[in-house]
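A.B. asks: The following block contains the structure, expressed as structure tokens.
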């Protein structure tokens, strides 16, 4: 049973002892934590113990019972007062009603009257606590559901990266429970890579990524107008909305986030960190573009390096057209090597091609991936035109392996 605290205050200490002996406090689930004989000690005891019940006399040295009630109410402590009064102070005691006092007893104290008041307060205590528990459960469920709805907004963007269905901030706020406002929007992605190809349990890796989400939110929640994070495809994906005046401050916070995450990962020992900042947007409709630029940088860590921060504003992603490097003549020569099954020619052509691509990586890191994708596309398109059953060949090699 939960224990309710009680304090008894009377200028005659024997009255406190009498009240203590009148009631089986343990049976009611009430514990007397202090008995005092003056108003000042009563006030200090209430501040320290924050009792559920205070039984107090009206007339006490230091400060009287009415002043005590007033000071406690002003302090914000929620306590149920039971006033003890002689006949001469009865009208005076009624003034305590102004401070929310419902119960008073006339001296000499009647055991049954006191017991009935205590039972009433005890029952109210448990009813209120039950309601509070129910409210907390409902609030917890609502918070969970709201969190899922907010995260769904990110999933929708990531699964259809170039589209935000509605660019009206108010509609998005209402539908997804965000608090977006006019200002800056940005996507950020954190990627952890295993050291030395360590065999890491997937559940453990998810725990790490969820912790990273917490670190990001902890650093940004007081600065951003709104922020949401998700653990998506072994990456921490974030969207931020902040006012333009805090743009310079954000750079300092980003640095702190990187340091905090690095410190956390160093304890874990198994991971490297790459943190990519997408292009800053002035309109919510460009959140997908910001996230895409961050995703592109994360993919480019293969050539740009890991264990560092990458900022999309420092690169001109997508500026180099693959056709500048892969001319029609080069594509035809590559196709001829494939059709004639010239393994040496294919290898030489690919090496020469990527040697030319390397000179463009600093200008546009994405060119390396465009090159890979284009070569694979040409290879399989060409093989489909031959009689060679390359699909069966590949399967056979895989199964043998």
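A.B. asks: What is the number of the single condition among (1) farther than 25 Å from residue 112 by Cβ; (2) surrounded by fewer than 21 Cβ atoms within 10 Å (Cβ to Cβ); (3) within 42 Å of the chain's Cα centre (by Cα) that residue 31 does not meet?
C.D. replies: It is condition (1) that residue 31 fails.
A.B. asks: Still on this structure: For the stretch 167-184, give me the residue count where each residue is over 18 Å from the mean Cα position of the chain (by Cα) and outside any loop (DSSP other than H, G, I, E, B).
C.D. replies: 7
A.B. asks: Working carefully through the options 191, 246, find the one that is in a helix (DSSP H, G or I), in the same structural domain as residue 296 (by TED's automatic domain parsing) and either touching a residue at least 12 places away in the same chain (Cβ under 8 Å) or over 19 Å from the mean Cα position of the chain (by Cα) (or both).
C.D. replies: None of the others qualify; the one that does is 246.
A.B. asks: Could you say whether any residue in the stretch 208-227 is part of a strand (DSSP E or B), touching a strand residue (DSSP E or B) at 6+ places or on another chain (Cβ under 7 Å) and free of Cβ contacts under 8 Å to residues at least 60 places away in the same chain?
C.D. replies: Scanning the stretch 208-227, I find at least one residue that is part of a strand (DSSP E or B), touching a strand residue (DSSP E or B) at 6+ places or on another chain (Cβ under 7 Å) and free of Cβ contacts under 8 Å to residues at least 60 places away in the same chain, so the answer is yes.
A.B. asks: Report whether or not residue 313 is farther than 21 Å from residue 217 by Cβ, without any contact (Cβ under 8 Å) to a residue 40 or more places away in the chain and not in a strand (DSSP E or B).
C.D. replies: yes
A.B. asks: Another question, then. Does any residue of the stretch 354-364 turn out to be surrounded by 11 or more Cβ atoms within 10 Å (Cβ to Cβ), at pLDDT 85 or above and closer than 30 Å to residue 186 by Cβ?
C.D. replies: yes
A.B. asks: Looking at 204, 264, 270, which is the one that is in contact with a helix residue (DSSP H, G or I) (Cβ under 6 Å, 6 or more places away or on another chain) and more than 21 Å from residue 311 (Cα to Cα)?
C.D. replies: After ruling out the rest, the residue left standing is 270.
A.B. asks: Check the stretch 252-269 and report whether any residue there is at pLDDT 90 or above, touching a strand residue (DSSP E or B) at 6+ places or on another chain (Cβ under 9 Å) and part of a loop (DSSP other than H, G, I, E, B).
C.D. replies: No, the conditions are met nowhere in the stretch 252-269.
A.B. asks: Examine the stretch 299-313 for a residue that is farther than 30 Å from residue 155 by Cβ and in contact with a helix residue (DSSP H, G or I) (Cβ under 9 Å, 6 or more places away or on another chain), and state whether such a residue exists.
C.D. replies: No, there is no match, as no residue in the stretch 299-313 is farther than 30 Å from residue 155 by Cβ and in contact with a helix residue (DSSP H, G or I) (Cβ under 9 Å, 6 or more places away or on another chain).
A.B. asks: Sort out which residues of the stretch 210-235 are within 20 Å of residue 298 (Cα to Cα) and over 12 Å from the mean Cα position of the chain (by Cα), and write them in order of number.
C.D. replies: Result: 232, 233, 234, 235.
The values are calculated or read from the model by the stated rules, or taken from the named source; none is laboratory data. These numbers were taken from a predicted model, which means no experiment stands behind them. Note that each Cβ is placed from the backbone with ideal geometry, even for glycine, and that neighbours are counted across all protein chains shown.
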